[in-house]
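Below: the structure, in structure tokens.
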Amino acid sequence: MTVEDRIAIVTGGASGIGAGIADVLSTAGATVVLADVDEAEAERVADDLPGEAIGVEADVTEPAETAALAETVVDEYGRIDVLCANAGIFPSATLEELSVEDWDRVFDVNAKGVFLSVRACLPHMREQDYGRIVITSSITGPLVGYPGWTHYAATKAGVLGFMRTAALEVAASDITINAVLPGNIATGGLDDLGEEYLEKMRNSIPKGKLGTPEDVGHAVAYLASEDASYVTGTSIVVDGGQTLP
Ligand code: NAD
């Protein structure tokens, strides 16, 4: 898999799946920029990676911050080869509990954040005629429903529509846009849902265990590689077989 010497941005890179993606890309020889609202943690994760890596503060819901992120990376490294638009939140609320503010906040981070991150990086990818964009969606987008996450599922389905259409817009260049669909992955965010939820999930997964952030990272690294140049507008499910039965 060729990501060696490529310059990669991972949003939400300070934790969980983002940190796992960063680790796999870094191990494969990419330079990784971890962009997160939690700058201190992004820097800490960057320091632990095997290759060149930095942590940068960026809120993906803010147009000025995503634009500044792209400029910082180009100033520092000269190009942006890979964007992993991964930052996301998944607060739970049933339809009766869900406020308009909750709905808007989840859309801001999970959907607008993807748009703003892509919009900031795309001009640089166009200029160099090379780019690999990988969006972290979820099996809740196209494949399953979890009561309590209507707003979340809507964002994760929405970014898949965005991904397919964006992939078409750039298809004539060497830029690809794809997504990964993680199932239940052991991250801090999931731990917050409690042991009972986790046990139920483990029992519903044919492989009998939750996935790891690195399991997702390996799928992302393929889509982010030079080898995946003919793969665009599609997605890889990483769920231990959960959506098969
Ligand atoms: P996590 O909470 O461990 O990590 C999310 C990271 O995003 C954190 O470091 C957080 O600070 C950062 N972040 C939040 N809002 C941000 C913002 N506005 N700008 C920049 N950074 C921001 O969560 P995770 O489980 O690693 O989830 C990562 C992605 O994977 C999310 O998009 C999530 O929806 C998706 N996902 C997770 C699972 C799972 O089982 N964990 C399953 C499917 C999809």
**Asked** Just for segment 122-163: of the residues that are within 15 Å of the chain's Cα centre (by Cα) and among the basic types (Lys, Arg), which one is nearest to the ligand (Cβ to nearest atom)?
**Response** LYS156
**Prompt:** Is it the case that LEU181 is near the ligand (Cβ under 10 Å from one of its atoms), within 22 Å of GLY217 (Cβ to Cβ) and outside any helix (DSSP H, G or I)?
**Reply:** yes
**Request:** Restricting attention to segment 1-19, report how many residues are surrounded by fewer than 24 Cβ atoms within 10 Å (Cβ to Cβ), more than 24 Å from GLU71 (Cβ to Cβ) and either under 10 Å from the mean Cα position of the chain (by Cα) or of a type in the set (Asp, Glu) (or both).
**Result:** 1
**Complete:** Residue pairs qualifying under the 9 Å Cβ cut-off, at least six apart or on distinct chains, with the first in segment 3-19 being free of Cβ contacts under 8 Å to residues at least 60 places away in the same chain and the second being near the ligand (Cβ under 6 Å from one of its atoms), are ALA14/ASP36; ALA14/VAL37; ALA14/ASP38
**Prompt:** Do any helices (runs of 4 or more DSSP H) entirely within segment 187-245 hold 3 or more residues that are closer than 30 Å to ALA171 by Cβ, and if so, which?
**Reply:** 213-223
**Prompt:** Which condition does SER173 not pass, out of (1) in contact with a Ser or Thr (Cβ under 9 Å, 6 or more places away or on another chain); (2) in contact (Cβ under 8 Å) with a residue 40 or more places away in the chain; (3) part of a loop (DSSP other than H, G, I, E, B), if it passes all the others?
**Reply:** (1)
**Message:** Residue under question is ASP47, and the condition is that it be within 15 Å of HIS124 (Cβ to Cβ), away from the ligand (no atom under 12 Å from the Cβ), surrounded by fewer than 16 Cβ atoms within 10 Å (Cβ to Cβ) and at pLDDT 95 or above; does it hold?
**Reply:** no
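Pick out the one residue from GLY240, GLY233, GLY208, GLY194 that is out of contact with any helix residue (DSSP H, G or I) (no Cβ under 9 Å at 6 or more places or on another chain), small (Gly, Ala, Ser) and at positive phi.
GLY194
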**Message:** Pairs needed: first member in segment 36-58, free of Cβ contacts under 8 Å to residues at least 24 places away in the same chain; second member anywhere, assigned to a helix (DSSP H, G or I) and among the small types (Gly, Ala, Ser); C-beta distance under 7 Å; at least 6 residues apart or different chains.
**Reply:** ILE54/ALA46; VAL56/ALA42
**Fill in**
Residue hits (segment 132-162; touching a Ser or Thr at 6+ places or on another chain (Cβ under 6 Å), in a helix (DSSP H, G or I) and of a type outside the set (A, V, I, L, M)) are LYS156
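The values are calculated or read from the model by the stated rules, or taken from the named source; none is laboratory data. What you see is a predicted model, and the numbers here were worked out from it, not measured in a lab. Heads up, the Cβs are rebuilt from the backbone with ideal geometry, glycines too, and the neighbour counts pull from every protein chain shown.
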